[in-house]
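S.K.: Below you'll find the structure I mean.
The values are calculated or read from the model by the stated rules, or taken from the named source; none is laboratory data. Everything numeric in this text was worked out from a predicted model, so none of it was measured. Positions of Cβ are generated from backbone atoms using ideal geometry, with glycine treated the same way; all protein chains shown enter the neighbour counts. When the accessible area is computed, the model is the full protein with side chains, heavy atoms only, and any ligands, DNA or RNA have been set aside. Shrake-Rupley method; radii C 1.70, N 1.55, O 1.52, S 1.80 Å.
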Amino acid sequence: MTAERLRTGSLRRRVVVIALGLLMVVLVAVALVVNYLLGDRMRADLRQRLLDRASYAQMLSGQGVSGQTLADRLAGQGITATLTTTGGQEFIGREAPAWPGSRPGERPPPPPARRTTSTVQENGEQLAVRLDLGEAVLTLQTSQAEIDHTLALLRRIELVAGAVTLLVVGFVMIRLVGVALAPLDRMTALAWRIRDGARGRRLRPTRPGTDLGRTATAFDGMLDALEAAEADARSAQDRMRQFLADASHDLRTPLAAIVASAEQVLRTDPDRETRERRLVEVVREARRSSRLVDDLLFMARLESPVDNPVSLDRRPVDLAALAGERITALHLRRPDLQVELGTGAAVPTIVADPDAITRALGNLLDNAAAATPAGGLVRVTVRAENNLAVVTVIDSGRGVPAGDEERIFDRFVRVGPDASRSTSGSGLGLPIARAIGRSHGGDVRCVATAVGSCFELTLPLAELVRGAWSPDRNSVSAGVQR
């Protein structure tokens, strides 16, 4: 089932259209409210004018004004006055000054406190008030057409003004939205630059809590994850390439020896002693090749714990006891060396895989023994320091040249005056020791010293078991000095 595709319409157009739509709704609502309120007010004023004129008519009638004079004084300002007497005579008011000194069309003064009880009658656009004056009936009429005309004109003005407003606001918003969306354009440009090879570039938002800030932070996190995955893939590829190169390089010599010895036995038909010597050589080189393959595989698993995890059986380990066991084994192989073991007042206990730590200690001691001539000294100390268990292996051999303290941990690297000489080691002892230390959260490093060489294995300390130095605990075997 395919995922729904992301709709990618123009964000700038969406924002502008939505904003203009909201503005248009507001303008229409305002226009409708204004038209309704203004029309209602104008109609109310027109009705009140009719009622005021009716009250004025009552006042004039009470003063004895009648006939054409009364009709003339009530007409004007869009109001027509028709006076019909009981005898059938009709007087139609003419718009003229309603009182001495007044101007044509001027509204007559309001009547005194007396108000008419007449009501306004509506017939279409016409409004009328009928007033019984006793001997005559007065009819006052006016039209609402002027109000409708005014409102229609107002609507046209509002329509034109609204259209102009929308055009101006739309133009301004296009520019403003372009400025507001500039960070998105920057994201796009950065993505294209990264695609073209500009690795390591990031947005780094100044305010990660905002909408754009959260987007930029997520974008940077995605780039970090992608680049980390790419780096892991390249590292895995490089490790595989290096593994194959190392295996082919270091297996070439023992395999060549095996092939040469086997061919000599097959082709020359040597005597029994020669045949046995050649077969022993074949077995020795085969075992060397097997150890080399094992070391290479172990290194590969330690360097790539995700792809080929190394199973570590972690449990409390007495580090001094493990060191003593390896010293005993070294003395059996090299009785010509002086080997010493010393521990501090606090004997460190760690949580680790004893087999892996034993292998690391053995590699460090084998390296020291290989560099130390007969009669030389190899000293091992085990102590606790700054929440770490520290094993120091010091020898009186040829030492490590200055500047090679890190290079010596590369695979198949040998340093010193006899670096090119063929040795029994695989060239993987120190790299494996360091890989084991780091897999336990520690490390192995080469420490500069005036005489010989010094290597330190550091491991996280589980606890400190307080105890004094005792021969039962610290002696290891015959030939090991305390």
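S.K.: For VAL351, state whether it is surrounded by fewer than 18 Cβ atoms within 10 Å (Cβ to Cβ) and closer than 20 Å to ARG434 by Cβ.
M.R.: Yes; evaluated as a whole, the condition is true for this residue.
S.K.: Filter the stretch 205-223 down to the residues that are among the charged types (D, E, K, R) and surrounded by 13 or more Cβ atoms within 10 Å (Cβ to Cβ), then identify the one that is farthest from ARG193 (Cα to Cα).
M.R.: Only one residue tops the list, namely ARG214.
S.K.: Any residue in the stretch 31-48 that is more than 19 Å from THR150 (Cα to Cα) and either of a type outside the set (Ser, Thr, Tyr) or in a helix (DSSP H, G or I) (or both)?
M.R.: No: the stretch 31-48 contains no residue that is more than 19 Å from THR150 (Cα to Cα) and either of a type outside the set (Ser, Thr, Tyr) or in a helix (DSSP H, G or I) (or both).
S.K.: Given the conditions (1) modelled with pLDDT under 85; (2) open to solvent by less than 50 Å² (accessible area, probe 1.4 Å); (3) under 60 Å from the mean Cα position of the chain (by Cα); (4) not β-branched (Val, Ile, Thr), and given that ARG7 satisfies all but one, which numbered condition is not satisfied?
M.R.: (2)
S.K.: Looking at the stretch 330-346 only, could you name the residues that are open to solvent by 10 Å² or more (accessible area, probe 1.4 Å), hydrophobic (A, V, I, L, M, F, W, C) and in contact with a strand residue (DSSP E or B) (Cβ under 6 Å, 6 or more places away or on another chain)?
M.R.: ALA346
S.K.: Are there any pairs with C-beta distances below 8 angstrom linking a residue in the stretch 18-38 that is under 19 Å from VAL177 (Cβ atoms) to a residue that is in a helix (DSSP H, G or I) and of a type in the set (Gly, Ala, Ser), with the two at least 6 apart or on different chains, and if so which?
M.R.: LEU20/GLY170; MET24/GLY162
S.K.: Quick check on my filter: what residues within the stretch 179-199 are surrounded by 13 or more Cβ atoms within 10 Å (Cβ to Cβ) and over 19 Å from the mean Cα position of the chain (by Cα)?
M.R.: If the condition is that a residue be surrounded by 13 or more Cβ atoms within 10 Å (Cβ to Cβ) and over 19 Å from the mean Cα position of the chain (by Cα), then ALA180 is the only one that fits.
S.K.: Return a yes/no flag: does the stretch 161-177 have any residue that is under 30 Å from ALA229 (Cα atoms), part of a helix (DSSP H, G or I) and among the aromatic types (Phe, Trp, Tyr).
M.R.: no
S.K.: Looking at the stretch 104-150, which of its residues are modelled with pLDDT under 80 and open to solvent by less than 90 Å² (accessible area, probe 1.4 Å)?
M.R.: Correct list: GLY105, GLU106, PRO108, PRO109, PRO111, PRO112, THR116, SER118.
S.K.: Just to verify a result, which residue in the stretch 280-296, among those that are out of contact with any Ser or Thr (no Cβ under 7 Å at 6 or more places or on another chain) and over 11 Å from PRO254 (Cα atoms), is modelled with the highest pLDDT?
M.R.: Restricting to residues being out of contact with any Ser or Thr (no Cβ under 7 Å at 6 or more places or on another chain) and over 11 Å from PRO254 (Cα atoms), the top hit is VAL280.
S.K.: State whether the residues of the stretch 423-440 include one that is open to solvent by 40 Å² or more (accessible area, probe 1.4 Å), of a type in the set (Lys, Arg) and modelled with pLDDT under 80.
M.R.: no
S.K.: Let me ask you something else. So, in the stretch 152-187, of the ones that are without any contact (Cβ under 8 Å) to a residue 24 or more places away in the chain and basic (Lys, Arg), which residue ends up farthest from ASP211 (Cα to Cα)?
M.R.: Selected residue: ARG156.
S.K.: So, PRO254, is that one under 30 Å from VAL15 (Cβ atoms) and either touching a Leu at 6+ places or on another chain (Cβ under 7 Å) or open to solvent by less than 60 Å² (accessible area, probe 1.4 Å) (or both) or not?
M.R.: No: the conditions fail for PRO254.
S.K.: Given VAL400, VAL393, which one is of a type in the set (Val, Ile, Thr) and either surrounded by fewer than 18 Cβ atoms within 10 Å (Cβ to Cβ) or assigned to a strand (DSSP E or B) (or both)? Break it down into steps so the answer makes sense when it comes.
M.R.: Details: VAL400 fails: either surrounded by fewer than 18 Cβ atoms within 10 Å (Cβ to Cβ) or assigned to a strand (DSSP E or B) (or both).
When all the criteria are applied, what remains is VAL393.
S.K.: Output the number of residues of the stretch 358-386 satisfying the condition of being open to solvent by less than 50 Å² (accessible area, probe 1.4 Å), touching a residue at least 40 places away in the same chain (Cβ under 8 Å) and in a helix (DSSP H, G or I).
M.R.: Total meeting the criteria: 7.
S.K.: Just to be sure I understand, how many residues within the stretch 128-160 are more than 60 Å from the chain's Cα centre (by Cα) and among the basic types (Lys, Arg)?
M.R.: Number of matching residues: 1.
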